[in-house]
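Taken together, the values in this text are just the output of simple stated rules run on the coordinates, not laboratory data. Remember, predicted model here, so these are calculated numbers, not experimental data. Reconstructed Cβ throughout: ideal geometry from the backbone, glycine too, with neighbour counts over all protein chains shown.
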Amino acid sequence: MTTLYSTKEIVRDFPRTYLRGIGQVFFQDNMWSGLLIMIGIFWGAYASHTPAVAWGMVVGTFVSTLTGYWLQLPDKNGAQGLWGFNGCLVGCAFPTFMADTVWMWIALILCSAFSTWVRTALDNILGRWNVSSFTFPFVLSTWFFLLAARALNGMPAEFMGSPELPHAVGGVVEGGFWHIVEYWLRGISQVFLIDNWVTGIFFIAALAVSSIRASVWGMIGSAIALGIVIMWKGPATDIEHGLYGFSAVLTAIAIGATFCNTSWRTWIWAILGTVITVFIQAAMNVFFTPIGLPTLTGPFCVATWLFLFPNIEMFSQTPAPAAAKTSEKKN
């Protein structure tokens, strides 16, 4: 059934819907989580002299949320912030990988809007198995535009990796305690493509405001990823910048704190899923290196689907909405 929104309703509800859209990247239906995440993104973006990333997040979330109203999508999804989170990530990704041109910003707006109806399409398919599309609408939409950037000089792929044959890199990781802590926090901050350990602290706080369980699993996810990639001697640069942590963080929160019940079996399941995510991340890095395309949160989507699709009864709880489950604390 089509939902009609009045201008008064949109103006009244938009700020809360907008902020929840940012929080839903971490599966948190909480406006205060969204606000803390926004502050963390601005801190990290300006600290690294890439303010366009923060403003891209602002624009991307705005456009994708507004698209939900324009398409007259179900009000329940809008109230939970589910229109905005893919556009939020699109907004972070475009300035991260492409030069700051007017055409890049126009493409960002188009892709943010596109991600909202891609999410609707994918959830219509995956919802039959009570599984969400997660952040894959962002991944798929952004891949299209990043590949197009290789051919369109109006949005040059200035900051994307050069296509090359994959090879083992390795290297020596600075192993002091505080260095390890920084790498761990960057694994959390990189969920929004921010390379800043202080931002990681903001994100932990944002999760804790909504769900202590989600906050703990986010920290565990980054720690597991860091330990695995160090033990298996992954690329030192990637380790230091948290580039093996972000997908693992999302997998840990999804399995450990969102879509599965609370039990010791779930703990093992979530830990195993997080470990596998690291190997999927490495495999996808190798797969996409020849075309110079980032994996984004693709490894998280693939790993979490593989662990939720079996629908094993001992891990199941009351099915969540096809898009995402609401957090423990709503605001």
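Quick notes on this structure:
- Cα gyration tensor category, rounded, prolate or oblate, for region 8-160 with a/c compared to 1.5: oblate
- Descending by average beta-carbon neighbour count within 10 Å, the peptides 52-59, 124-131 line up as 52-59, 124-131, the highest first.
- Peptides ranked, highest mean first, by Cβ atoms within 10 Å: ranges 80-88, 40-48, 115-123, 147-155: 80-88, 115-123, 40-48, 147-155
- Normalised by the number of residues in region 121-245, the mean separation of alpha-carbon contacts (under 8 Å, six or more apart) gives a relative contact order of 26 percent.
- Lys, Arg +1 and Asp, Glu -1 on Cβ, resulting dipole of region 8-160 about Cα centre, debye, nearest 20: 200
- Note on the chain: helix-only mean residue ellipticity at 222 nm, from DSSP H runs of 4+ residues weighted -39500 (n - 2.57) and normalised by residue number, equals -20500 deg cm²/dmol.
- Across region 8-160, C-alpha contacts under 8 Å between residues 6 or more apart give a mean separation that, scaled by the residue count, equals a relative contact order of 23 percent.
- Region 169-243 and region 114-146 have their alpha-carbon centroids 26 Å apart.
- Taking the charge dipole of region 1-147 about its Cα centre, with +1 at Lys and Arg Cβ atoms and -1 at Asp and Glu Cβ atoms, the residue from GLY21, LEU89, LEU147 reaching farthest to the positive side is GLY21.
- Couplings 3J(HN,Hα) of region 207-214, computed from phi: 5, 5, 4, 9, 7, 4, 4, 5 Hz, in residue order, whole Hz [Karplus 6.51 cos²θ - 1.76 cosθ + 1.60, θ = phi - 60°; x for Gly and Pro].
- About the centre of its Cα atoms, the chain shows a dipole size close to 740 debye [charges on the beta carbon of Lys, Arg (+1) and Asp, Glu (-1) only; nearest 20 debye].
- Largest first, the three principal axis extents of the alpha carbons in region 161-319 are 45, 32, 25 Å in whole numbers.
- Taken one residue at a time, the phi angles of region 260-274 give Karplus couplings (6.51, -1.76, 1.60, θ = phi - 60°) of 10, 6, 9, 6, 5, 5, 5, 4, 5, 4, 5, 5, 4, x, 5 Hz. Gly and Pro are set to x.
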